[in-house]
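The values are calculated or read from the model by the stated rules, or taken from the named source; none is laboratory data. Note that the structure is a prediction, hence the values are computed from the model and not measured. Ideal geometry is used to build each Cβ from the backbone, glycine not excepted, and the neighbour counts take in all protein chains shown. Accessible surface areas use protein heavy atoms only, side chains included; no ligands, DNA or RNA. Shrake-Rupley method; radii C 1.70, N 1.55, O 1.52, S 1.80 Å.
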Amino acid sequence: MTLRERVKELSKYGELIAGDKKERLIVDKIKEYFEVNKITTYINPQNVLKWEEKEIELECEGIKIKAISLPYSPSIDVETSDYQVIKINNILDVNKYYRNNSNKILVFTQDDLMRKIVLKNGTPLSHLPQNPPRLPAFYIRYKDANQIKGKCRFFLKSSFEESIGYTIEGIIPGKTEDKIYVTAHHDHWFKGEHDDLISVSILPELKSEKYELHLISFTAEESGCFFSSFSWACGSYNFLRSNKIDAKLSISLDNLTLNSKFFVTPGLFKYFKNAVQYPSPYTDSYNFLKRGIPTISMSDIDYPYYHSEADEISETENYEEIVKLLNVFLSNEITINPQELVNVIFDTPLPIEIKELALNLIERGKYNELLKFYGSILDLSKNTIQTYLFHKLVGINKAYENSVAIEDFVELRNYCEDEICSKLYEKFLYYLQKEITNEYLIQLKNLF
């Protein structure tokens, strides 16, 4: 069976939400792909939050408009003129507007394609359970936006229930004890062929002449978290919390196209020309990074049909070269160059005492321990997320100029309208910076 045939066989099941009864059917199909290639498989069940749209209707002045609800929208049945239609440039912008307008029903549109992303209503970049969305959000095609006027009826019947998702792992023994994890995910919106069924279909093709390979298709990458504002990759997050992983590195294949870029951890830059030289916060590999494992993410962040009904592979797309590239990489000696992390430390705005301890730890062979200090920062004005070493300090430094949310820590906004208030805000940031510097110093000293 060709890669393309596998993708089409999986996508015929339609949209797959983590915890849906169809998930086990797809996982069993992936298991068949592994076993045809004599790959030993294990299936790992996980608790997930399954959301489902059961019925929906949007009608304005007697005209019914084709609409979908965005995942995690609660049920509603109301006639009202108190709503807002918002034209966005990117589906990722939905939650920026939702958080600021959660007191009214929102109708989003981007273009003439239906698109989806999970609604979030809590503190950004928190792994803890959050308050659920207060009101639903609807999504329509742009060509229908002029029909949303006057009094409209918004009807949605949705359900939330705890369910079981399934992560499947295939293991190929190697000639050494070193392990490499290569991951994808099988839950997807619409047909989800680039995001992420082509990656799932690639997994059985991978091999190594050297390393033990762990080939994983995760559940709950797109949704399934219990109202966490870190709404993606909770399948891998929980898998890694439940299993002690000893790996040389992890490779994530996510939203794969022929224009994909490599996002790499310092230490692996030398293997990829024109790589993006910071780890991706948007893929399953990020959860490996947080456990001190170097990562490579292969993804196309500019794919125009991301999370849309047009996410299908074309007749001309050929991924055999990507398979060949990965197999060559996996079969050769892979060495980590800690000096690349040294350069990152020098280039990051950090207190000198933090830099000195971090550099000393690298000299002592603690490269992997330092990777655990990576974290994410959300620029609230641009709605972009990026990873940084010692992210809390970097985030506080950025907060002098911009509003930011810092992963599993705090949201920093300057609400001041006068000079006195602004100076007090800066003093607050100064003391917060001192406190977090001391926190990091204690953590680093404990590694000696």
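Hey, could you check region 198-212 for residues that are small (Gly, Ala, Ser) and closer than 25 Å to SER11 by Cα and say which is surrounded by the most Cβ atoms within 10 Å (Cβ to Cβ)?
SER201
Hand me the list of strands (runs of 3 or more DSSP E) wholly inside region 177-286 holding 2 or more residues that are among the hydroxyl-bearing types (Ser, Thr, Tyr) and touching a strand residue (DSSP E or B) at 6+ places or on another chain (Cβ under 7 Å). Before you say what the answer is, go through the steps one by one.
Values: elements: 179-185, 212-218, 249-253, 261-264.
Result: 179-185, 249-253.
Table: residues versus (1) modelled with pLDDT of 95 or more; (2) farther than 17 Å from ILE140 by Cα.
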| position | (1), (2) |
| --- | --- |
| THR80 | yes, yes |
| GLN84 | yes, no |
| TYR97 | no, no |
| LYS116 | yes, no |
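Does PHE263 satisfy being out of contact with any Asp or Glu (no Cβ under 7 Å at 6 or more places or on another chain), of a type in the set (Phe, Trp, Tyr), touching a residue at least 12 places away in the same chain (Cβ under 8 Å) and farther than 23 Å from HIS127 by Cβ?
Spelling it out, it is not the case that PHE263 is out of contact with any Asp or Glu (no Cβ under 7 Å at 6 or more places or on another chain), of a type in the set (Phe, Trp, Tyr), touching a residue at least 12 places away in the same chain (Cβ under 8 Å) and farther than 23 Å from HIS127 by Cβ.
Just for region 50-78: of the residues that are over 30 Å from the mean Cα position of the chain (by Cα) and assigned to a loop (DSSP other than H, G, I, E, B), which one is nearest to GLU15 (Cα to Cα)?
ILE65
Looking only at region 287-316, how many residues end up being open to solvent by less than 20 Å² (accessible area, probe 1.4 Å), under 30 Å from THR109 (Cβ atoms) and within 17 Å of the chain's Cα centre (by Cα)?
5
Filter region 79-122 for residues that are of a type in the set (Ser, Thr, Tyr) and in a loop (DSSP other than H, G, I, E, B); which is most open to solvent (accessible area, probe 1.4 Å)? Explain how you work it out, then say what you get.
So the first thing to find is which residues in region 79-122 are of a type in the set (Ser, Thr, Tyr), and the list is 80-81, 83, 97-98, 102, 109.
Next, only the ones that are in a loop (DSSP other than H, G, I, E, B) stay: 81, 102.
Details: SER81: 74, SER102: 17 Å².
Going through the qualifying residues, I end up with SER81.
Does ILE30 satisfy the criteria of being part of a loop (DSSP other than H, G, I, E, B) and surrounded by 17 or more Cβ atoms within 10 Å (Cβ to Cβ)?
In short, no.
Taking only region 215-239 into account, find how many residues are farther than 27 Å from ILE171 by Cβ and among the small types (Gly, Ala, Ser).
The total comes to 4.
Restricting to region 246-290, name every residue that is under 24 Å from TYR306 (Cα atoms) and among the charged types (D, E, K, R).
Those that are under 24 Å from TYR306 (Cα atoms) and among the charged types (D, E, K, R): ASP254, LYS261, ASP284.
Restricting region 264-286 to residues that are within 13 Å of ILE251 (Cα to Cα) and of a type in the set (Gly, Ala, Ser), which is surrounded by the most Cβ atoms within 10 Å (Cβ to Cβ)?
Once the filter is applied, the top-ranked residue is SER285.
For residues that are over 21 Å from the mean Cα position of the chain (by Cα) and part of a loop (DSSP other than H, G, I, E, B), tally how many sit in region 123-165.
9
Quick one: how many residues across region 9-27 are open to solvent by 20 Å² or more (accessible area, probe 1.4 Å) and either in contact with a Ser or Thr (Cβ under 8 Å, 6 or more places away or on another chain) or in contact (Cβ under 8 Å) with a residue 40 or more places away in the chain (or both)?
Matching residues across region 9-27 total 5.
Given (1) at positive phi; (2) open to solvent by 70 Å² or more (accessible area, probe 1.4 Å); (3) in contact with an Asp or Glu (Cβ under 9 Å, 6 or more places away or on another chain), identify the lone condition not met by TYR42.
(1)
So in region 213-252, with the set limited to residues that are among the acidic types (Asp, Glu) and open to solvent by less than 40 Å² (accessible area, probe 1.4 Å), which one is farthest from TRP189 (Cα to Cα)?
Once the filter is applied, the top-ranked residue is GLU221.
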